[in-house]
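The values are calculated or read from the model by the stated rules, or taken from the named source; none is laboratory data. Note that the coordinates shown come from a computational prediction; the quantities given were computed from them, not determined experimentally. Backbone-built Cβ (ideal geometry, glycine too); neighbour counts: all protein chains shown. These accessible areas exclude ligands, DNA and RNA; they are computed on the full protein's heavy atoms, side chains included. Shrake-Rupley method; radii C 1.70, N 1.55, O 1.52, S 1.80 Å.
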Amino acid sequence: MNLSIIKKTSLAIFAFAFLSSCTEQYVYQNQDFEDAMTVEATLTNELKYQEINISRTRLVNDTIKKPESGANVTVVDSDGNVFNFDEKDGKYISVNEFKAEPNKNYQLKITTKSGKSYVSSTEILPTENNINLETAIEEKDGTRGVQVNVKSFDPTNTSKYYRYEYEETYKIITPYNIQTRLKLVQKSDYSYSFEKVPAEPNTQICYTTKNSTGIRQTSTVNLTEDRVKYPVRFIKDTDYMLTNRYSIMVSQYTQSQSAYDYYYKSKKMIDSGELLSPNQPGYVVGNIKSTTDLHEKVVGYFEVASVSRKRIFFNFNDFFPSEKPVKYFQTCDARPFGFDEIKQQNYLLLSTHVYIGDGPGGIIPTSFIMVEKKCGDCTTFSSNVIPSFWEN
C-alpha cells in the first residue's frame, strides 16, 4: 500500500507554523511541532495477512519513522469476529489471513502502550470492479511515449470512486559482462599488487521494481455509466525502462465516498502548496478518533476497499519496431588506469569501478581498463533475482 500522501500530510501539518506575512522570511520553529498518531490502513477483499501502519508525526527535518510500538490492534466485524494484529518490523500484521467480505461492517480499534484508545468509524466493503489495461502511443507536452490506461465497467453503477497504485518492473542489461575482478594483494609491508579472480556471477542482468507515489483517483459520479478509462502511467520513449522489457501491475481500489473525499482533500491540500497559508485549516479529518481525548488529532484513515489487479508486459519494439531504444541510462566510458594512479587514490577506484581488461604491456600490463560499476555490475543498484511473476 502506498500512502505517502498521508505521511507527507502528517509531517507538514504538525511541523509548520502558519506564515504571518507572505513577504517575510519564515523561520522554522521546532516548538510549534504537535505530536500526533498517524494511521495507514487499507483492509481489502484479498485473502492475505492484512497490514496496518501506526506511527507518530515527525519534524520536517526528521527522516526516521517513529513507529507506535506496543499497541493492541484489532479489527472487529459486524458478526462479532475479532481479527488480532501482531507487531512485526515496525508494522502491525494480522495474526491470520482474512479478507473483507460484502455486507459486513468493519471497525479498527487501537489501544496504545500508554493506555490511550482509538476507534474508527464502521466501514463496509464497496462493490468489486475488475480492471483491464490498455496501452497506446501518445504525446504529452511535446514528448512521445507509451500511455498505460486503466479500463473498468460496473454495470450495477454502484462503484463510482476509485484510487490507483502501480508497481513497475523493468529489465536491466549492463553494457559490460564482468568475468574477472581485481583483488588487491599485499606482497610486503609496503608493496601491493593485483590478483585477478573470478567475478561474482550474474551481475549483468537485473530487475528493478518501483512503486508509485502519491494519490491517483478518479470518479464516475458525473457520468451516465460507471465506466472508467484512467491514464495511470505515461513512459517517455527515451526512458531506459522500455529498452529491454517492462512490466506494470496496476491496482484499482474501489472506495467509499467518504474515503475518496478524504484522500481527495489531502491530495488537494498538498498539491496546492497551501499548507502554510493563514487560511488553510491544516488538518483533514479522517475517520479515526481518540476515545480518551476527544480533542486529540489523529492523522489517517481506516479504509475498507475492493481491489482488482492487472499485470501486463511489453517491449520497446512492440510500439516502435523500426527504431532503436536508449542503450543505457548513463554513459559508460571505459578507460585505462595505471597502478600508480589507482594507488594515489588509495585504491578507492576498486570500490567504484570494475575491471574489463588489460591495457598494453604484454604479460605484465602497464594499465587496467576499467568502467564505472553501474556499467558492469547491476547488483550495485538493483537485484539479479528474477521476479517470480516475470515473463520473457
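Probe radius 1.4 Å, ligands and nucleic acids left out: which of Ile64, Ile93 has the largest accessible area, and how do the rest follow? Show your work: numbers first, answer last.
On the way: Ile64 120, Ile93 35 Å².
Largest to smallest exposure gives the sequence Ile64, Ile93.
Solvent-accessible area of Arg335, probe 1.4 Å, all protein chains present, reported in Å² to the nearest ten, please.
About 100 Å², rounded to the nearest 10.
For Cα extents along the principal axes in Å, the choices are (i) 74, 51, 42; (ii) 80, 53, 53; (iii) 86, 51, 35; which was calculated from the structure?
Computed from these coordinates, Cα extents along the principal axes in Å corresponds to label (ii).
From the phi of every residue in the range 218-226, what ³J(HN,Hα) in whole Hz does the Karplus formula 6.51 cos²θ - 1.76 cosθ + 1.60 yield, where θ is phi - 60° and glycine or proline is x?
So the Karplus estimates, Gly and Pro as x, are 8, 9, 10, 4, 8, 9, 6, 10, 8 Hz.
On C-alpha positions alone, give me the angle between the axis of helix 4-15 and the longest principal axis of the chain, in degrees, nearest 10.
It works out to around 70 degrees.
At 1.4 Å probe size, with no ligands or nucleic acids counted, give the accessible surface of Leu348 in Å², nearest ten.
Here the residue's solvent-accessible area equals roughly 110 Å².
What is the sum of charges around Pro387, taking Lys and Arg as +1, Asp and Glu as -1, for the other residues whose C-beta is under 12 Å from the C-beta of Pro387? Numbers along the way, then the final one.
Details: positive: Lys171, Arg245, Arg311; negative: Glu167, Glu168, Glu391.
Surrounding charge for Pro387 is 0.
Restricting to DSSP H runs of at least four residues, report the calculated mean residue ellipticity at 222 nm for the chain, -39500 (n - 2.57) per run over all residues, nearest 500 deg cm²/dmol.
Working: 4 runs with 38 residues, N = 392.
Dividing the helical sum by the residues of the chain leaves -3000 deg cm²/dmol.
When the chain is modelled as a GNM with alpha-carbon springs shorter than 10 Å, which of Val95, Val298, Val307 fluctuates the most?
Comparing Val95, Val298, Val307 in a Gaussian network model of the chain, the most mobile one is Val95.
Could you order Tyr347, Tyr164 so the one with the most accessible surface comes first? Probe is 1.4 Å. Don't skip to the answer; put the middle values down first.
Details: Tyr347 35, Tyr164 0 Å².
Per-residue accessible area, sorted high to low, gives Tyr347, Tyr164.
If the elastic network links every pair of Cα atoms under 10 Å, which of Ser258, Ser193, Ser159 fluctuates the most in the Gaussian network model of the chain?
In the Gaussian network model the winner is Ser193.
Taking only protein heavy atoms into account and a 1.4 Å probe, give the accessible area per residue of the range 42-195 in Å². Show your work: numbers first, answer last.
On the way: 8090 Å² over 154 residues.
That works out to 53 Å² per residue.
With a 1.4 Å probe and all protein chains kept in place, how do Cys332, Cys206 rank by accessible area, largest first?
Details: Cys332 25, Cys206 0 Å².
Largest accessible area first, the residues go Cys332, Cys206.
Phe329 accessible area, nearest 10 Å², 1.4 Å probe?
Counting only protein heavy atoms, the figure is 90 Å².
Given a Förster radius of 56 Å and the C-beta distance between Val285 and Tyr347 as r, what FRET efficiency does 1/(1 + (r/R0)^6) yield to the nearest 0.05? The partial results should precede the final answer.
Numbers: r = 58 Å, r/R0 = 1.04.
It comes out at approximately 0.45.
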